[in-house]
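Working notes for the structure below.
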Amino acid sequence: MSFVHLHVHSEYSLLDGLTKIEDLLEKVKNEGMNSVALTDHGAMYGAFRFYIEAKKRGIKPIIGLEAYKAEASRFDKNKKLGNDQFHLTLLAKNLEGYKNLMRLTTLAHLEGYYYKPRIDFELLEEHHEGIIALSGCLNAEIPSALRDGQKDKAEKLLKRYVDIFGEDFYIEIQRIPGIDELDDINNQLIHLSRKYSIPIVATNDVHYLDKDDAYAQEVLLCIQTSHTIYEDRPLTMINTPEFYFKTEKEMQGLFLDLPEAIENSQKIADMCDVDVPHGKWILPIYPLPEEESPEEHLREMVKERTEKRLQITEEAKIRLEYELNIICTKGYATYFLIVQDFVNWAKKNGIAVGPGRGSVAGSLVAYVLAISDINPLDYNVPFERFLNPDRPTPPDIDIDFADKRRDEVLAYVTNKYGGDKVAQIITFGRMEARLAVRDVARALGLPYSQGDRIAKMMPQGKQGFAITIDKALEESSTLKLAYAQEEDVKKVLDIARKLEGVARHSSVHAAGVIIADKALLEYVPLQREAKAGKIITQYDMYCLDLNAVSNNEAVGLMKIDILGLRNLTIIEDALAFVEKKLHKHIDIHNISLDDEKTYKLISDGRTIGVFQLESRGMRRLAKDLKPSKLSDITAMVALYRPGPMDLIPSFLKGKKSERSIRYLHKDLVSVLQETYGVLVYQEQVMEIAHKIAGYSMSEADALRMAMGKKKKALMRKERMKFIERAVSQGYTKKLAEQIFNFIEKFAAYGFNKPHSASYALIAYWTAFMKANYPVEYMTALLTAELQGAAGAQREAKMFQAIEECRSMEINVLPPDINKSEYDFSIEKESIRFGLSAIKNVGKSAIESMLEARSQNIFIGLRDFLSRVDVRRVNKKTVESLIKSGAFDSFGTRASLLTYYPKALNEASSQKKQVESGQYDLFGAKRDQRLSDSDLENIQEFSEDELLLMEKEVIGFTISTNPLSQYHDIIARKVTKKIGEISEDDIGSTHIIAGNISQVRKVTTKKGNNRMAFVSVFDETGSVDTVVFPKIYASTKNIWIENTTVLLKGRINERGDGLTIVVDNVIDLATTKR
């Protein structure tokens, strides 16, 4: 009498399930069970992954869903929260049942969502084929009716379900000790079963694996409902710690009197046999001319475009034919046609497009089709880096677009292939170690500062790998000590360990889009994203994309990455300014790559606002390297990362003196010459293997991947192969060993060359625009900074950009109600502040102002108020405009702020007269302009007060650099500007001056003392500082946003950046200027 669990929740019942799929399946295997179901709440997020992982372990996967069902119609959306979301357990018998489950959960999300995704009887009648239904848990429809004493209603519901599902309907019985009312409900359910001859089945509603996980599950529910474990809460399971994965014996023991309930669980499992199609690439249908195949069309397109893009040489002809043969033979022609189509559509419609991110720069076909702007022949990038004919995975092309127009590209793709065939991809936010610690501490009712303290004792992850709690305890002696000595810390970490890595919420993947040949519902369940209402998949990238997994363990839908890049928006806007101002059209994809002004700007370190090159470290590297060609910038992008930074001194030495370069053999010169003898790129590993050891490029790509994985056994095998092959090519064994040691040592640092090249090209484009069209570029940059997320960081970035304008001798003019546009704009050779940069001045208010101004400029405050919609341009808006200086042409700010109430009354009075027709009666003009004839000339505020007003409504001062007031003391005392601080300064003490942009005050656990984390910026950059309790106690009145300070502190390394530990500070406003 075998038992199978048919009602099981995983981590994909978001914040209501603790079980990870791999752990669940290991438990099933260890218990000797042959199959198990997955029935997550309302969605199928984990279904495909569960299917693949179960198959790998020889366990039969039963794909299911615990659906939410509306009592009447899924379109009813006026009932109280929780009153219309009955549970129903559904299991797929076969492929048709699996597809119907996908349809049901999709329609529940797209049509029935009201607090939860809900289905109804109408949908069940339409999509029940191939599905086994269980009546559900205590929160299901029939048990709820019985609980409410509505036996007739329960029987009617039962008949309705049987009418729909027939013999595939079972009454679900759960025996969970501790739930008193369950025995009575079960007795009534058993009575109905016997009365109507409907079979029963035993389940346990599994939410976690082991009984001792119950407390961690309760903490998870607290996190979901934003309650602490000590509060009354809407969802709790702690009083009945029975929702664990019970053994077969435990379940049999609970159902000794109902052995058929256990037997039926196995009977149902035997009936379920779903084979989910996967592993084959599914391509959309690209519209083609009649009687032409995708391969023929691609070849014809390449032939037509080659002359426009290439100087046709024998090398180019051979390379194109080689690539086309591989692309067409492997069935990838359609993919190239689709990508080139939307890329070139974007370019034709004035949308800034990147040069092609990543390894696509290895394809000459992609270059000819204008998918990429990197010619692989010029950059010496092998095709196999992009598409290795020996690997089964399809090509993967990532394309950047101007971020503000990315949605236009998505709309084009959706319209072309059909709304039912295109969707964005879901992604899951997970409980990473630090987040889990903070969440658990909050749920346990601990102060925020305690959770924050524990989290901050954990080291940062390294090289893209997140830190784990176990790893943190190994690496941090402070955390280890606290864990050993503090009960709260131990409790938090022990629970957080159980929650660590669990899916917490869903969101939209930043770039991934899938396109299918038919309705996506044939392949994947869908839902609507909460914020913007976009249609997204319920399966993540690792379930859909063959490129993201090994062994073809994905559905196989075609994924394209459509990324939004802010720097391309800046380029697009700058090009538009050039065209508008100078009547000059620039095709950024075809500019000269040898522009002297551009390399001079980079070499001087004037790279604020230049893509990838604006950090203080990059500016310093640019000054040291003095790049003179694009390959230098490419190397800069590759080298300026943790690890490869160690190679920078050798690279600089080689650049300055070619005589200092030492090659192991003259045959390596052609490979390493462009990087001055330093192995910088992964592709150089491939080329050395090809040249020295006679590897094919496909074999060389396999070597590159092996070195990246750092597997010792694999590397020993590759070493023997390399040396043997090199010796057969005529090199000595000693030299072969030296060369292999050389590439093995540096391969760990090696970077993807095409990725570096594409980033370097965008960096060059931005530097080119800044060097040659400075006003246009800086106007675009300021607009982009303004559109960033509001807060201290944005204000610091804008201040830095304005200071950069000053250093470039570009005048930034203050806001002016008669001259400012929505965003920053160009006024002769100056930049005019945009109205949207002023706090409390929203889009609706600006639209009203610009609409009124289009008829005539404003002649005064009264005229302004009489012509704008004062419901949209309210008191706060007008006061902010006055404080910013936007009305300075009408009078002093002191006068205008005093005059505003009177002016508003008079303007409102005139409006009422016009609306009532009184002007016509007395022969006056309806459009008579109101002047500020009675404006009193009140003495203007002091300079300090005016500067404070600007800071209040803009975040910083426009008219002057706040530091310039203190020029003398800064010149005497400051030892470094913020942007000049580098890794070389770690451990040393410096004096800096800057403006405070952000203050975060915390209380220490030990001693309950106050301290602060403060961000400070000047015209060259920003830095985080730490103010420990002793210093904070004596300086707490200084740590206020917008205060200009002089501080002394020690430079420390923290995570990936630098921080200053403050020793002393003064408010510069208290000093003599």
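Exactly one of (1) aromatic (Phe, Trp, Tyr); (2) in the same structural domain as LYS29 (by TED's automatic domain parsing); (3) surrounded by fewer than 16 Cβ atoms within 10 Å (Cβ to Cβ); (4) closer than 30 Å to LYS20 by Cα is unmet by TYR230. Its number?
TYR230 satisfies every listed condition except (2).
Can you name every residue in the stretch 829-847 that is charged (D, E, K, R) and either free of Cβ contacts under 8 Å to residues at least 60 places away in the same chain or not in a loop (DSSP other than H, G, I, E, B) (or both)? I'd like the intermediate steps shown before the answer.
Our first condition is that a residue be charged (D, E, K, R); within the stretch 829-847, this holds for 829, 832, 839, 843, 847.
Once the filter is applied, which keeps residues that are charged (D, E, K, R) and either free of Cβ contacts under 8 Å to residues at least 60 places away in the same chain or not in a loop (DSSP other than H, G, I, E, B) (or both), the stretch 829-847 yields GLU829, ARG832, LYS843, GLU847.
Given the residues LEU298, LEU256, LEU310, LEU320, which is the only one that is at pLDDT below 95, of a type in the set (A, V, I, L, M) and surrounded by 12 or more Cβ atoms within 10 Å (Cβ to Cβ)?
Result: LEU310 is the single residue among LEU298, LEU256, LEU310, LEU320 that is at pLDDT below 95, of a type in the set (A, V, I, L, M) and surrounded by 12 or more Cβ atoms within 10 Å (Cβ to Cβ).
Output the helices (runs of 4 or more DSSP H) that fall wholly within the stretch 395-513 and possess 2 or more residues being within 30 Å of VAL365 (Cβ to Cβ) and touching a residue at least 40 places away in the same chain (Cβ under 8 Å), or say none. Please lay out each step first, then the result.
Details: elements: 406-417, 433-443, 448-456, 469-475, 477-485, 487-499.
Where helices (runs of 4 or more DSSP H) fall fully within the stretch 395-513 and carry at least 2 residues being within 30 Å of VAL365 (Cβ to Cβ) and touching a residue at least 40 places away in the same chain (Cβ under 8 Å), they are 406-417.
Just name the residue that is surrounded by the fewest Cβ atoms within 10 Å (Cβ to Cβ) out of those in the stretch 27-54 that are more than 32 Å from the chain's Cα centre (by Cα) and in a helix (DSSP H, G or I).
Looking at the filtered set, the residue picked out is ASN30.
Working only within the stretch 743-770, note down all residues that are modelled with pLDDT under 90 and among the hydrophobic types (A, V, I, L, M, F, W, C).
Selection gives ILE743, PHE746, ALA747, ALA748, PHE751.
Scan the stretch 876-890 and report the pairs whose first residue is buried (at least 24 other Cβ atoms within 10 Å of the Cβ) and whose second residue is at pLDDT 95 or above and among the β-branched types (Val, Ile, Thr), with Cβ atoms within less than 6 Å and a gap of 6+ or a chain change.
Short answer, once both residue conditions are applied: ALA886/ILE817; PHE887/ILE817.
Inspect the stretch 1021-1037 for any residue being under 21 Å from GLY1057 (Cβ atoms), of a type outside the set (Val, Ile, Thr), outside any strand (DSSP E or B) and in contact with an Asp or Glu (Cβ under 9 Å, 6 or more places away or on another chain) and give the result as yes or no.
Scanning the stretch 1021-1037 turns up no residue that is under 21 Å from GLY1057 (Cβ atoms), of a type outside the set (Val, Ile, Thr), outside any strand (DSSP E or B) and in contact with an Asp or Glu (Cβ under 9 Å, 6 or more places away or on another chain).
Which members of the stretch 196-215 meet the condition of being outside any helix (DSSP H, G or I), buried (at least 18 other Cβ atoms within 10 Å of the Cβ) and among the acidic types (Asp, Glu)?
ASP205
With the condition kept exactly as written, say whether any residue in the stretch 749-763 is crowded, with 24+ Cβ neighbours inside 10 Å and more than 17 Å from THR634 (Cα to Cα).
Among the residues of the stretch 749-763, not one is crowded, with 24+ Cβ neighbours inside 10 Å and more than 17 Å from THR634 (Cα to Cα), which makes the answer no.
Which condition from (1) touching a strand residue (DSSP E or B) at 6+ places or on another chain (Cβ under 9 Å); (2) assigned to a loop (DSSP other than H, G, I, E, B); (3) in contact (Cβ under 8 Å) with a residue 40 or more places away in the chain is the one that ILE371 breaks?
Of everything listed in (1) touching a strand residue (DSSP E or B) at 6+ places or on another chain (Cβ under 9 Å); (2) assigned to a loop (DSSP other than H, G, I, E, B); (3) in contact (Cβ under 8 Å) with a residue 40 or more places away in the chain, ILE371 misses just condition (3).
This table checks each residue for (1) in contact (Cβ under 8 Å) with a residue 12 or more places away in the chain; (2) farther than 26 Å from VAL276 by Cβ; (3) among the aromatic types (Phe, Trp, Tyr).
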| position | (1), (2), (3) |
| --- | --- |
| THR106 | yes, no, no |
| LEU123 | yes, no, no |
| ASN139 | yes, yes, no |
| ALA145 | yes, yes, no |
| PHE165 | yes, no, yes |
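Please pick out the residue among ILE826, ILE817 that is surrounded by fewer than 24 Cβ atoms within 10 Å (Cβ to Cβ), in a strand (DSSP E or B), at pLDDT 95 or above and aliphatic (A, V, I, L, M). Walk me through how you get there before you give the answer.
On the way: ILE817 fails: in a strand (DSSP E or B).
Residue meeting the stated conditions: ILE826.
Show the residue pairs that are 6+ apart or on different chains and have beta-carbon atoms under 7 Å apart, the first residue being within the stretch 603-619 and closer than 17 Å to PHE1017 by Cα, the second being among the aromatic types (Phe, Trp, Tyr) and surrounded by fewer than 23 Cβ atoms within 10 Å (Cβ to Cβ).
Listed pairs, sorted by first residue: GLY617/TYR640.
Hey, does the stretch 797-813 have a residue that's of a type in the set (A, V, I, L, M) and in a loop (DSSP other than H, G, I, E, B)?
As a first pass, look at the stretch 797-813 and keep what is of a type in the set (A, V, I, L, M): 798, 801-802, 808, 810, 812-813.
Checking which are in a loop (DSSP other than H, G, I, E, B) leaves us with 808, 810.
Looking for residues that are of a type in the set (A, V, I, L, M) and in a loop (DSSP other than H, G, I, E, B), one finds at least one in the stretch 797-813, hence yes.
Just give me the residues in the stretch 930-980 being among the hydroxyl-bearing types (Ser, Thr, Tyr), outside any helix (DSSP H, G or I) and either in contact with a Leu (Cβ under 8 Å, 6 or more places away or on another chain) or more than 30 Å from GLY1049 (Cβ to Cβ) (or both), in sequence order.
The first filter runs over the stretch 930-980 and keeps only residues among the hydroxyl-bearing types (Ser, Thr, Tyr), leaving 931, 933, 942, 957, 959-960, 964, 966, 975.
Filter once more, keeping what is outside any helix (DSSP H, G or I): 931, 933, 942, 957, 959-960, 975.
Selection gives SER931, SER933, SER942, THR957, SER959, THR960.
Considering the stretch 151-193 alone, what residues qualify as being in a loop (DSSP other than H, G, I, E, B) and surrounded by fewer than 14 Cβ atoms within 10 Å (Cβ to Cβ)? Talk me through it step by step, then tell me what you get.
Here is the first cut: in the stretch 151-193, the ones in a loop (DSSP other than H, G, I, E, B) are 175-179.
Within the stretch 151-193, PRO177, GLY178 meet the criteria.
Taking LEU88 as the residue in question, decide whether it is surrounded by 22 or more Cβ atoms within 10 Å (Cβ to Cβ), more than 30 Å from ILE495 (Cβ to Cβ) and touching a Lys or Arg at 6+ places or on another chain (Cβ under 7 Å).
Details: surrounded by 22 or more Cβ atoms within 10 Å (Cβ to Cβ): yes; more than 30 Å from ILE495 (Cβ to Cβ): yes; touching a Lys or Arg at 6+ places or on another chain (Cβ under 7 Å): yes.
In short, yes.
The values are calculated or read from the model by the stated rules, or taken from the named source; none is laboratory data. Small disclaimer: the values here were computed from a predicted structure and weren't measured. Please note: Cβ atoms are built from the backbone with ideal geometry, for glycine as well, and neighbour counts cover all protein chains shown.
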